[in-house]
Every structure is written in structure tokens, then in C-alpha cells.
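Some notes on the structure that comes next.
The values are calculated or read from the model by the stated rules, or taken from the named source; none is laboratory data. Nothing here was measured: the structure is a model prediction, and the numbers come from that model. Methodologically, a virtual Cβ is constructed for each residue, glycine included, from the backbone with ideal geometry; neighbour enumeration extends over all protein chains shown.
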């Protein structure tokens, strides 16, 4: 039993990277429309949403943005009336985009640094799932140099190389206790890296309708020499040695289709549909440098499914200096019930958003957005640990970005 629980413990750090921790706050204009706008917004954030649109950007620019993702989840164990809540945490996904190139040229270059995966959750040490998770903080930072070319006035193509740096820090209780009855604890931390690419095409029709197609590849994130530290009674120290571990996890590919349609001089409607290739996540294998009869290498079957998201939004040009936005969307979860875990108790979710852009002058503008996501309540029984109960989760994410153009 100890071997099983410890194997599950050490398999946890990267599980969250493949579940509901996908963060879609790379451009605050799109966030204001619940993630729609890959076809509508032709600016520096196109480095992420569609590199093919970047060649159509008139100005060079640098944009810096961030969100305050507030994640709250509650759990009620089966046959219990006690409800356990996560502690209040704020995760700060950020983005920096910069574009370079001659004005009115057939090409444009850029670089983006952004966080498409990440999160922070803290359940504490006094809840029924403490042997699955106490605390988790993680971040995947993508660095993407990009080139884009305008084949015709209406048609642009582009692509970029992606280098990922993933950081994770996790603590979890161990089912052993000292003389005072305090459970042992494990702390796991490490850095992983991986590579991929992002390509896209963008086309403007004669009636100002725009179409966007983009593909962000999977990124195989390899974690080597992660640190595993254990706090246990002295008599068990030999069974729980401080050691290192290695693993790898494929972060999913995404294929996105976007369209924008003007419905008046001041109003545009945009819609995006994405297929997220989580089906590559079949299993998770951990290789520990120092094995004992208790601490063995682990292999877990995941059987994730592809996910789908649909988003629609409206952009209203209220004046020469102010644009207002709103949007809504729906996301299907890739996680089957038996594999839901407290790191990100994922389920299908609904989202709604509002946003604005204010042009301070010809060179500066500020964009703000707020999005709320409600994950539908889900009652599950973990195939790994047997923990059975109901999760209910909300996510709130206000954000701002500041752009300088020249």
C-alpha cells in the first residue's frame, strides 16, 4: 500500500500540466471576447494567436500584459456534509510581445514570451485528499521567435519556433505519522524543457471578413533531475530517501479556426473553434534515481481524450479612442471521470467576459479584460487513490496590458 501511494505521489507534479491548467490570457483583447478574435485582431498578440497575421501589422510595437487568475475549488467527500475549500491564491500568467520590421513591408518579425500553462492551488493538510495534494504551483513559459510574410495584400503566412521552460513545486502528505500523529510530507520540485512550433495563415476577403487558421504543435516537456524531499519519522528515512526523478509529458497541440465578420461601421463579431490534441497523453512514467522496496518507478495509464472549445464575441468601437468587448464560450474537458484529480479538478466549463481598449494617444494604448469560468459540478471516484466526492470550481481572471507603438 505504501508503495502504491508513494508512486501516486511522485506522479503528480506533471499531471496538472495536461488538465485544466491551460491558460488562455495571452492577449487581453481576445480575453475580453472569451478567447475569440484570432481573425479580428491583427496586432503583436498575433505572434501567439496566428503568426500569419503578423505581416499585416502596420506598426512595430511592444506589449506587456498580465492577468490575476483567481482559482477557487470546493470538495465534498461522498456521504459527508463537510465541504473543503482551497485557500485563496492568485496565479499571474503574463505575456510580452514585440514586433519588428520595415513599415509597409512584405515581412515582419517578432518575439513572444508567454505562459500558456500554469496555476496555483492550496488545499492544505486537513482535507480528505491530503495524500493526493497539499499545495501546487506551476508555470510553463514559452519563448517564441516568429517570422511572418505577406504573400498578397490579403493573405499572410507565418510561423515561430517554441522553447518551453516548465517550473513545478508540489507538496503532499504521506500516509505515515510521527509520535504526535503528524503525517509525513513530500516536496517535489523541478524544471523541465521542451520544443515545438506555431504556424498560421490569415486571409482577408474583399468584404472585410477575415479567416484565421493556426496550429500550435505539441511540446514534449522533459523533466530531468527533479528534487524529491521527504519529511518522515527517522525510522522510515531509509524507505523515503531524498532523491531525484526524471519524466516527460507531452503538452497538447491545438488547431484553431477563427472568423470575424463586420456587422456595421462600429461592430464586429468574431468566433473561434479549437481542437486540443490531449489524446497524445496516454500514460505518465516516472523514473527515480534511488529506488527502495517502497519507492519504485511508476507507470500510470491516463487515456485522455481530445478536447474542443467554441468562443464568440463582439467588438464595439464606441468612439475614436475607446473599444468595448464582450464574449462567451464553452470548453469540453479532456479528462475522464476516473482520472480527475485535485490538482485541477477539470470538467466542462462555461465562460463569459468583458473588456475594453483605450487609445491614450497615437503611440500608447491600454487594454483591460475580465473573464469568469464556471466548471460544472462533478462527482468522481479516482482510479488512482479511490478518493470519491464532488468538486465545484470557479475561476476569475482580470487582466491588463499596455502597448507602445512606433
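Could you give every pair whose Cβ atoms fall below 6 Å, whose first residue belongs to region 242-256 and is over 30 Å from residue 200 (Cβ atoms), and whose second residue is surrounded by fewer than 22 Cβ atoms within 10 Å (Cβ to Cβ) and modelled with pLDDT under 80, counting only separations of at least 6 or pairs across chains?
Final answer for the pair search is 243/288; 245/288; 246/287.
Just need a number here: residues in region 328-364 that are farther than 30 Å from residue 406 by Cβ, surrounded by 19 or more Cβ atoms within 10 Å (Cβ to Cβ) and modelled with pLDDT of 90 or more.
So the answer is 4.
Can you tell me which of (1) within 27 Å of residue 127 (Cβ to Cβ); (2) more than 24 Å from the chain's Cα centre (by Cα); (3) in a strand (DSSP E or B) is the one residue 315 doesn't meet?
(1)
Return yes when residue 89 is under 28 Å from residue 369 (Cα atoms) and either crowded, with 16+ Cβ neighbours inside 10 Å or more than 15 Å from the chain's Cα centre (by Cα) (or both) and no when it is not.
yes
Table: residues versus (1) modelled with pLDDT of 95 or more; (2) crowded, with 24+ Cβ neighbours inside 10 Å; (3) farther than 29 Å from residue 375 by Cα; (4) touching a helix residue (DSSP H, G or I) at 6+ places or on another chain (Cβ under 8 Å).
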{"residue": "32", "(1), (2), (3), (4)": "yes, yes, no, no"}
{"residue": "35", "(1), (2), (3), (4)": "no, yes, no, no"}
{"residue": "50", "(1), (2), (3), (4)": "yes, yes, no, no"}
{"residue": "53", "(1), (2), (3), (4)": "yes, yes, yes, yes"}
{"residue": "67", "(1), (2), (3), (4)": "no, yes, no, yes"}
{"residue": "70", "(1), (2), (3), (4)": "no, no, no, no"}
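Is it the case that region 281-290 has a residue that's buried (at least 19 other Cβ atoms within 10 Å of the Cβ) and farther than 30 Å from residue 49 by Cα?
Within region 281-290, one or more residues are buried (at least 19 other Cβ atoms within 10 Å of the Cβ) and farther than 30 Å from residue 49 by Cα.
Residue by residue, here is whether (1) part of a loop (DSSP other than H, G, I, E, B); (2) closer than 21 Å to residue 31 by Cβ; (3) within 19 Å of the chain's Cα centre (by Cα); (4) in contact (Cβ under 8 Å) with a residue 60 or more places away in the chain holds:
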residue	(1), (2), (3), (4)
324	no, yes, no, no
344	yes, yes, yes, yes
361	yes, no, no, no
368	no, yes, no, yes
376	no, no, yes, no
389	no, no, no, yes
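So which residues in region 373-400 are more than 30 Å from residue 175 (Cβ to Cβ) and either touching a helix residue (DSSP H, G or I) at 6+ places or on another chain (Cβ under 8 Å) or at pLDDT 95 or above (or both)?
Within region 373-400, 397, 398, 399, 400 qualify.
In region 246-256, is there at least one residue being part of a strand (DSSP E or B), at pLDDT 90 or above and more than 26 Å from the chain's Cα centre (by Cα)?
Checked region 246-256: no residue is part of a strand (DSSP E or B), at pLDDT 90 or above and more than 26 Å from the chain's Cα centre (by Cα).
All but one of (1) crowded, with 21+ Cβ neighbours inside 10 Å; (2) on the phi > 0 side of the Ramachandran plot hold for residue 325; which doesn't?
(2)
Got a sec? Which strands (runs of 3 or more DSSP E) wholly within region 62-126 have at least 1 residues that are without any contact (Cβ under 8 Å) to a residue 60 or more places away in the chain and over 30 Å from residue 197 (Cβ atoms)?
Here the list reads 83-85, 107-122.
Criterion first (part of a loop (DSSP other than H, G, I, E, B) and in contact with a strand residue (DSSP E or B) (Cβ under 9 Å, 6 or more places away or on another chain)) does residue 334 satisfy it?
Spelling it out, residue 334 is indeed part of a loop (DSSP other than H, G, I, E, B) and in contact with a strand residue (DSSP E or B) (Cβ under 9 Å, 6 or more places away or on another chain).
Quick check, is residue 208 in contact (Cβ under 8 Å) with a residue 40 or more places away in the chain, in contact with a strand residue (DSSP E or B) (Cβ under 9 Å, 6 or more places away or on another chain) and not in a strand (DSSP E or B)?
The answer is yes for residue 208.
Does residue 389 qualify as being buried (at least 19 other Cβ atoms within 10 Å of the Cβ), touching a strand residue (DSSP E or B) at 6+ places or on another chain (Cβ under 9 Å) and closer than 30 Å to residue 60 by Cα?
No.
When you go through 273, 180, 186, 238 one by one, which is the residue that is part of a strand (DSSP E or B) and over 30 Å from residue 328 (Cα atoms)?
Only one candidate passes the filter, namely 186.
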